[in-house]
Amino acid sequence: MEHDQIQGDRLARTEWLIAQLRERAATCADPKEQTNLRRSADALIRLATALRP
Amino acid sequence: MSTVTDPIQAALHQHNADLFASDVVGHPPQTLVEFLARHADAALAVSGADQTAWNGQIVEAGEGILGLAHWDGTLHLDRECILEPLRELYLRAGDPQSDAALIRYREALVTILHEQSHFLGPAGATQEASRVAFKQPGSRALEEGVAEAWSHANLDDYLLDLGIDDLAPGITEVTADPSYQAFVPAVLILTADLDHRAGLPPGTALHLLNRQTAEGQWPLVVDLAYTSSPLPSVVPPDLEPAIRLSLESTLREYFADLDTLEPHPRDYAAARSRTTAHQALAHLTTEIQSIHDVFAPDPTIPDRLRPTPASRHQPSTDPFHHAFAGLAPPGRPVPSSTTPSKPTRPSANAAALPTERGA
């Protein structure tokens, strides 16, 4: 039960970070930084997908 | 009956409907569909990995994703940044191209190679075991850093294998910068250090790690460090698994801290990534030395200054205690959750945004 709660919190935090990175990518003027932010979000999506039950 | 007129969707539809097209297409590929059918084989060939977990399916990515190696084996690719440049590459095959166009192609191709790297593994590796391991501290930093660093280092070989250097003349003359600056610099320092410790040609550790899934990557790092150290000749065999686990835990802890750097600008993240890697390796060296001193004490040090077996179980701040904290006594099964305590150290970025790591 506690493990599920920790996993759930971690997933929620990961999804929040993904949203933050995408938001910043959407408004980023530097194409390199934009790609960097989008790919970082991709890596977190891979983690979020792994964390989902 | 509807007709697919969108060329990207048509290529994906044709590819996904004919999963074994790679057996019949020409080499090198001459169309986008042929490329899609062959590109994973080329990643296997260049990497030397035993297998790929790619299930043969490719879908157009949604939700702002550029590229994603999904745990179900499906490859997700962005239309604008990956599929469209590739379609253009084959449409204009052999034509002179601007540097800007070549860089777009190169960036698309390195992203594909990066995603295919996630699918590579040794014989018998499973996506489920990899998925479980990927959630452990430090796994994501290592796997993403290895995939990105290796893909950039081996992209030209990949392009040559697929004949893309002939289709887009000059593509090997332009460069694309790596992403994941929180992870790549640390991985390059770690793998160069492992090559040096083990007396391997430069790039070998990176190449070997890229053939592993998350399940095997950290154990391989520790294997290279451990077997190239003096420890195998002094550590009793029954303690070796626990000591390897302790070394792995040390390195994982530092690499897990790299997660906090991701939201930061490239240059800042890269600098902190390098610093963290150097700290991790210094700690590794100290820990190996401490363990060695326990089993092969320096005869010039008086006995009264050496830790005794009894003192190992007392609270202590010396390196010996830290090196062995959490280890099972000899003859006992090694608990899988052993997490030795570590000396206090600064985090990679204490002021960073919250990380995705759990409590």
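Of the residues A:Arg52, B:Arg140, the one with the largest accessible area comes first in the ranking A:Arg52, B:Arg140, computed with a 1.4 Å probe on protein heavy atoms.
Computed over the Cα atoms of region B:7-297, the ratio of the radius of gyration to the Kirkwood radius (Rg/Rh) comes to 1.02. Measuring with a 1.4 angstrom probe and ignoring ligands and nucleic acids, B:His278 comes out at about 110 Å² accessible. Specify the angular offset, from 0 to 90 degrees and rounded to the nearest 10, of the alpha carbon long axis of helix A:2-26 from the longest principal axis of the alpha carbons in chain A. The angle comes out near 10 degrees.
Model label points for B:Asn16 and B:Glu63, set 7 angstrom from Cα along the Cα-to-Cβ axis, are 1.6 nm apart. Given the Cα-Cα distance of B:Asp72 and B:Thr204 and 0.36 nm per residue of separation, how much length would full extension add, in nm? Fully extending the segment from B:Asp72 to B:Thr204 adds 44.6 nm. For region B:153-237, the fraction of C-alpha pairs farther apart than 17 angstrom is 61 percent. Accessible area lost on pairing A with B, both sides, 1.4 Å probe, Å² to nearest 100? What A and B bury together is about 3100 Å². Taking the alpha carbon gyration tensor of chain A, multiplying each eigenvalue by 5 and rooting it gives semi-axes of 27, 10, 5 Å, largest first. For region B:1-153, the per residue solvent-accessible surface stands at 39 Å², with DNA, RNA and ligands left out and a 1.4 Å probe. Ranking B:Trp71, A:Trp16 by solvent-accessible area of protein heavy atoms (1.4 Å probe, all protein chains present), from largest to smallest, gives A:Trp16, B:Trp71.
Multiplying each eigenvalue of the alpha-carbon gyration tensor of region B:33-180 by 5 and taking the square root yields semi-axes of 26, 15, 15 Å, largest first, rounded to whole angstroms.
Here the convex hull built on the C-alpha positions of region B:36-114 has a volume of 99 cubic angstrom per residue.
Comparing each chain alone with all protein chains together (probe 1.4 Å, DNA, RNA and ligands left out), the residues of region B:47-79 losing at least 50 Å² of accessible area are B:Leu66, B:Leu68, B:Trp71. For B:Gln57, the residues whose amide H sits under 5 Å from its own are B:Leu75, ignoring neighbours fewer than 5 places away on the same chain, with H placed 1.01 Å from N. Measuring r between the beta carbons of A:Trp16 and B:Ala93 and using R0 = 41 Å, the FRET efficiency lands at 0.40. Distance between the modelled labels on B:Asp177 and B:Glu240, one decimal in nanometres: 4.5 nm (7 Å Cα→Cβ projection).
Which percent of the accessible heavy-atom area of region B:7-297 goes to carbon and sulfur, probe 1.4 angstrom? Here it works out to 54 percent.
Taking a sphere under 15 Å around the Cβ of B:Gly203 and counting the other residues whose Cβ falls inside, with K and R at +1 and D and E at -1, yields a net charge of -3. Here region B:108-165 yields Rg over Rh of 1.04, to two decimals, using C-alpha coordinates and the Kirkwood radius.
The values are calculated or read from the model by the stated rules, or taken from the named source; none is laboratory data. These numbers come from a predicted model, not from an experiment. Note that we place each Cβ from the backbone using ideal geometry, even for glycine, and neighbour counts take in every protein chain shown. Surface areas here come from the heavy atoms of the whole protein model, side chains and all, with no ligands, DNA or RNA. Shrake-Rupley method; radii C 1.70, N 1.55, O 1.52, S 1.80 Å.
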